[in-house]
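Worksheet for the structure shown next.
Bear in mind these aren't lab numbers, they're just calculated from the coordinates by the rules spelled out. Note that the coordinates shown come from a computational prediction; the quantities given were computed from them, not determined experimentally. So basically every Cβ, Gly included, is an ideal-geometry build from the backbone, and we count neighbours across all protein chains shown.
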Amino acid sequence: MIKDNILNDTSMENLSIHAKEILLEKNPFKNFKIENYRYAQLHKNIESQSNTVKSPLHKDLTKLTTDISNNTFANIDLKPTIDNWGFSNSDSFFRVSSLVQRPTISINLDNFKETSLFLNISNISKNITIQKKDPQLKTLVLLNYNCDDETPKSLIFDVAENANLEVVHYDVSNKKSFLYFEVKQSNYSNFNFVSFQSNNTHIRNEFFSSLAEKCNFELSGLNFNNFGVNDNYSFIQHVKPSSSSREVFKSIVNNGAITNFQGKIYVDSIAQKTDGYQMSRSLLLDNISKANNKPELEIYADDVKCSHGSTVSKIDQEQIFYFNSRGISKEVANLLLQKAFIIETLDTIQTKDIKDFSIKLLDNLLT
């Protein structure tokens, strides 16, 4: 297990004081008081449910995109960069432990002429760095499917000046999966990230993003039909003026599951004219499930427009009655209201084929 393997790894001898502190003192698998992991319950061994998605997701997605999963990519060593933590927040245990335990490959999306690419990260055991420089919009589809691995994995995006990138992440039918995403945007770049999470037993996704001047960053997440713990953490920092970020997470919670969202927008003192928005909403379908939402703002500039909010609610029975009065059954009405609640998160997908596929998948998994 990760909590034991790191401590016994002889490579610890070659690590910096900073890395050792993160791995030994700030290990959330053993230290349950770490604020950024307060809801994750990483130490728990949650019994897997029979929630495997039988849809051939890989085959369906490769019909819409170009599969680059089996290409040969250059290996790089990120261990010397472990101390280069560029965020105004506590370093991520997931990041440090993944760089210590896994090798890394590098992918330059500009090497592909196709505009829609597919990467099955379930079958890639390494960390991945991804570069995008060309201004032309590309959509990268990531599939994380049927995983059972508690060793964190990192995906690090470097988005150059004027570049445009969309990432659609399908996080489906995993027993255990812990992912770290990092996005660094240069001036005038645009990055759109959509995370589709369903039928998982125990997952955590971390999203760290740093925005330079006049950037735009969007993060949309939806999760439903999960068992156990579905945990999302985000830290979006504005370090230069006139950038914007929009973050919306929506959860439908049942079957005694726990869904968590903990996120912060950080605005540096020089990041005037920042426009930041963060919203988390949860819909509880029973009395044994739980939703923990903790949105935060940390602002050091005085000319900004930032807001955040959070709601936890149940389906309005008056709406069910309205549908019933028009001949629509309670079961169908419940599904319609669930879809209406969560579908907003898919509206940001810019590639029509991928958006249509995502809506169809939502329909299939909600029924």
- Message: Once each part is reduced to its C-alpha centroid, what is the distance from region 314-354 to region 111-145 in angstrom?
- Response: 32
- Percent relative contact order for the chain, counting Cα pairs under 8 Å at least six residues apart, stands at 11
- Query: Whole-Hz Karplus ³J(HN,Hα) for region 90-95, in order, using 6.51 cos²θ - 1.76 cosθ + 1.60 and θ = phi - 60°, x for Gly and Pro?
  - Reply: 4, 4, 8, 4, 4, 4
- Message: Over 26 Å between Cα atoms: which of 133/153; 20/250; 59/113; 59/355 fall into that group?
- Response: 20/250
- Sum of -39500 (n - 2.57) over DSSP H runs of 4+, divided by residues of the chain (222 nm, nearest 500): -5500 deg cm²/dmol
- Largest first and to the nearest Å, give the Cα extent of region 2-315 along each principal axis. 47, 45, 44
- Query: So which trypsin sites (Lys or Arg not before Pro) in region 102-202 are both in a DSSP loop and have at most 14 other Cβ atoms within 10 Å of their Cβ?
  - Reply: 113
